[in-house]
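Student: What follows is a structure written as C-alpha cells; I'll ask about it next.
Rule-based calculations on the coordinates, nothing more; no lab input. Quantities reported herein were computed from a predicted structural model and do not represent experimental measurements. Heads up, the Cβs are rebuilt from the backbone with ideal geometry, glycines too, and the neighbour counts pull from every protein chain shown.
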Ligand SMILES: *Cc1c(COP(=O)(O)O)cnc(C)c1O
C-alpha cells in the first residue's frame, strides 16, 4: 500500500504550507529571532522520531525500544558540550521559555527573588516579567539600561543584587544590541551568592561561531533556544559545568516540568550543532555582525536613532520617535513592502507596549541567504523610504515600488531549506 501524501490527504493545510514557503522565500526577513534552517535540519525534524516516547535520559528510560533514540540524544548532547565548551547539556526543553522555567525549578522555591532585565529594556518575559509565571510565582527585581548610553548599567545591577539578594540572576535578552559582559555578571552573582543564568537564546549562533564572547566558564547555567542565530529547529538547551547543577537541571526538566522529549527535534538540534561546528559557520556568524553593522551605519546615516547608537551583534533597535512614526504603523507598512520586522518597545518608551516607539531588526536570516553589506545598504535605504513615506501619510506608491524591488532581490538569494 502506498500512503497518500499530505497534498492528497489534506490539501487545505498543504496549500497553506506552500503559501507560507512562498511568503518566506519572497520577503526580506529582518525579524531578529528568526532564521532559515537548512534542508538537512528540516529533514531530520520531519521524521518517524516523532513516534517514539523516551521519558528519562540516555541509559535511564521509562520505556523500552531506546536503542536508536539513546544514540541520537547522546550525539546531540556531545555536540552541544563540544560546540559551547561546557561539561553538561540537556537538550530536552521544548523551547526557551520552558528551559528558563526549569532553571527556576532547579534552584528556587516559589517566592524566592530573581533579578532579571525588565522586558521594556530588552529582557525576556521569563526573566521575571509581571505577566509571566516567573513574575507571578517568584519575587522579581529588574534592572534596565542607562538613559544616556542605552547600555546595561552594571553598577545598578550590582546595587540591586546587594540590596535584594536574589537567588538567581539572568543576563541576556531579546532586544539587547550590545555585547553581554558575562564576567562582570558572574562577579556580581558570586558576591551575593546567586546562581547566574546566561540566557543566550538570541546570540547562541554568534557564541558558537566565535562572534560574541562565550558565557562558558562564567555563568553557572547557560540557557538557549536552538532556533534563532543557532539555526536549528524550535527547541532549547540548558548547559553547565557543574555536576550538581546538571543533576538539578535534569530533574527539573524531567520529571519536574516535562514528559517525553521531542526526539525529532533532538535529531534536528544534533544536525544544527554539527553544522555549527563547521568552519563555514564561523564565517556565517562573523557575517551576521558585519551585516548588522553595515545596516546600522546606513540607517544612522539616514538620520535614524538606534538604541545605544549602534550594534555589536545581530540586532538593531530603532527608535522612530524623531521620525514622527509609531513602531507599529511603520512595521506594518514595511511588511506590506516585503520587509518583515517587529514593532518593539525602546528603553523608557513613553508609548504603550502594543503601540511602542521602536522597531527591532536583525540580520541572521538575510545572512543565511548569502546577502552581504551591499544588500544591507539597499535594505537600509528601503526602510528609510517606507518610513519616511508613512510619516508623510502617503506611502502606497512607495510600498508598491519597494515591494517589487524586494522581490527582485530575494529572487537572487534563495533561502536555505526552501524549494
Ligand atoms: C526567544 C527567547 C526565549 C524564549 O524562547 P521561546 O522558544 O520563544 O519560548 C527566552 N529567552 C530569550 C532571551 C529569548 O530571546
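Student: Relative contact order (percent) for the range 287-412, with alpha-carbon contacts under 8 angstrom and 6 or more residues of separation?
Tutor: The normalised contact order for the range 287-412 reaches 29 percent.
Student: Per DSSP H run of at least 4 residues, take -39500 (n - 2.57); add these up for the chain, divide by its residues and hand me the 222 nm value, nearest 500 deg cm²/dmol.
Tutor: -13500 deg cm²/dmol
Student: For the range 43-276, what log10 I(q)/I(0) values come out of the Debye formula at q = 0.10 1/Å, with one point per alpha carbon and no solvent?
Tutor: Log-scaled intensity ratios, in q order: -0.43.
Student: Then there's this: Using Cβ counts within 10 Å as a stand-in for footprinting exposure, how do 319, 355 rank, fewest first?
Tutor: In increasing order of surrounding Cβ atoms, one gets 355, 319.
Student: Using a Gaussian network model on the chain with a 10 Å cutoff between Cα atoms, which of 51, 342, 78 fluctuates the most?
Tutor: Comparing 51, 342, 78 in the GNM, the peak value goes to 51.
Student: Oh, and also: Using square roots of five times the C-alpha gyration tensor eigenvalues, list the equivalent-ellipsoid semi-axes of the chain in whole Å, biggest first.
Tutor: Equivalent ellipsoid of the chain: 34, 30, 18 Å, largest first.
Student: Give me the orientation-averaged projected area of the Cα convex hull of the range 287-412, in nm², one decimal.
Tutor: Reported value for the Cα convex hull: 6.9 nm².
Student: For the chain, what does the relative contact order come out to in percent, with C-alpha contacts under 8 Å and a separation of six or more?
Tutor: 22
Student: OK, next. Just want the ordering: 6, 154, from fewest to most Cβ atoms lying within 10 Å of their own Cβ.
Tutor: Arranged by neighbour count, lowest to highest, 6, 154 become 6, 154.
Student: Just 43, 20, 12 to compare: in a GNM of the chain, with alpha carbon springs under 10 Å, which one fluctuates most?
Tutor: Result: 12 has the largest fluctuation of those listed.
Student: Still on this structure, please answer the following. Taking every DSSP beta bridge with both residues inside the range 43-276, roughly what % is antiparallel (nearest 5)?
Tutor: Antiparallel bridges make up about 40 percent of those DSSP assigns within the range 43-276.
Student: Show me the ranking of peptides 108-115, 389-396, 58-65 by mean Cβ neighbours inside 10 Å, starting with the highest.
Tutor: 108-115, 389-396, 58-65
Student: Send over the Kirkwood Rh of the range 16-66, from the inverse of the averaged 1/r over different Cα pairs, rounded to one decimal Å.
Tutor: One over the average 1/r among Cα pairs gives 14.3 Å for the range 16-66.
Student: I'd like the antiparallel share, as a percent to the nearest 5, of DSSP beta bridges with both residues in the chain.
Tutor: Taking every DSSP beta bridge within the chain, about 55 percent pair in antiparallel fashion.
Student: Could I ask something else about it? Cut-off is 10 Å between beta-carbons; in what order do 300, 237 appear when sorted fewest neighbours first?
Tutor: With the fewest neighbours first, 300, 237 line up as 300, 237.
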